1. With +1 on each Lys and Arg Cβ and -1 on each Asp and Glu Cβ, and nothing else charged, work out how big the dipole of the chain is about its Cα centre, in Debye to the nearest 20.
2. Amide H neighbours of Thr90 under 5 Å, counting only residues 5+ apart in sequence or on other chains, H built in-plane at 1.01 Å?
3. Would you mind working out the accessible area per residue for segment 3-191, using a 1.4 Å probe, and quoting it in Å²?
4. Whenever you get a sec, compute what percent of the accessible area on segment 3-191 sits on carbon and sulfur atoms (1.4 Å probe).
5. Toward the positive end of the charge dipole of segment 3-191, about the Cα centre and with charges on Cβ (Lys, Arg +1; Asp, Glu -1), which of Gly11, Pro88, Val149 goes farthest?
6. Cross-link candidates for Lys24: which lysines have Cα within less than 17 Å, leaving aside residues fewer than 8 places away along the same chain?
7. Can you give the calculated 222 nm mean residue ellipticity of the chain, where each DSSP H run of n ≥ 4 adds -39,500 (n - 2.57) and the sum is split over every residue, rounded to the nearest 500 deg cm²/dmol?
8. May I ask you to rank Phe73, Phe2 by accessible area, largest first, using a 1.4 Å probe over the protein chains only?
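The values are calculated or read from the model by the stated rules, or taken from the named source; none is laboratory data. The model shown is predicted, which means the values in this text are computed figures rather than measured ones. No Cβ is skipped: glycine too gets one built from the backbone with ideal geometry, and neighbour counts run over all protein chains shown. Surface areas here come from the heavy atoms of the whole protein model, side chains and all, with no ligands, DNA or RNA. Shrake-Rupley method; radii C 1.70, N 1.55, O 1.52, S 1.80 Å.
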Amino acid sequence: MFNLILFGPPGSGKGTQSEKLVEKYDLVHLSTGNLLRQEIKDKTPLGIEAKSFIDKGQLVPDEVVIGMVDSYFDLHKGAKGFLFDGFPRTVAQAKALDNLLELKKTEIGKVLILDVDEEELISRLVNRGKTSGRSDDMDEKVQRNRQEVYKKETLPVAAYYTKAKKVASINGMGNVDDIFERLSTIIDKKMK
Ligand code: B4P
């Protein structure tokens, strides 16, 4: 199995690049953001709980996210590998993921961090809000809160994987295809 984490602040292009990467490398796309939005759309109890956090730009509690990831794993037993998009977002989630992968006798191959200027992030998200209908995209105050939550709760995850020498930082500014090329070059090297 070959497993990747695509990491970066809200709006850094994780979702955008993941779509292309899963196709190129035949990986199962696990986006906790997409899974949570589906739960919200289906009005499940998990979705109703998650919405109250997402609307404020906060993270959904770890136990909710980890349970959801666990179930998704069970649904994809034959996967050649996973691309984790927007997960893990806390050190507790990273530890839970390590345990899940250990049970499957596999591990994370590489953590790719998309590096994007903060003002560009806010501008992309406010722009996305014009068409996405996403409650967490509409308000610039919520956007700024999401960036603060990222620095406080999610950045320590990068340090966690840096210790394990798995991290590569990629310039996430510029056009989507150029960024995809930068990501692919690193993955190809790792897969050789
Ligand atoms: P996510 O769905 O993970 O998404 P995101 O961080 O908002 O954006 P992403 O980085 O994927 O950016 P995108 O490609 O769309 O999270 C949503 C919320 O769910 C979180 O805030 C949290 O509350 C909750 N959540 C999710 N996972 C969780 C977890 N594990 N634990 C707890 N809570 C969790 O790109 C953004 C915009 O930029 C798009 O409009 C795109 O078209 C544009 N764009 C992309 N690349 C570009 C480029 N190169 N140039 C210009 N524009 C670009």
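1. Value, rounded to 20: 400 debye.
2. none
3. On a per-residue basis, 51 Å².
4. On the way: 5020 of 9630 Å².
The nonpolar share, carbon plus sulfur, comes to 52 percent.
5. Value computed over the given set: Pro88.
6. List returned: Lys14, Lys80, Lys110, Lys189, Lys190, Lys192.
7. Per the formula, -17500 deg cm²/dmol.
8. Values: Phe73 5, Phe2 35 Å².
Heavy-atom accessible area, descending, gives Phe2, Phe73.
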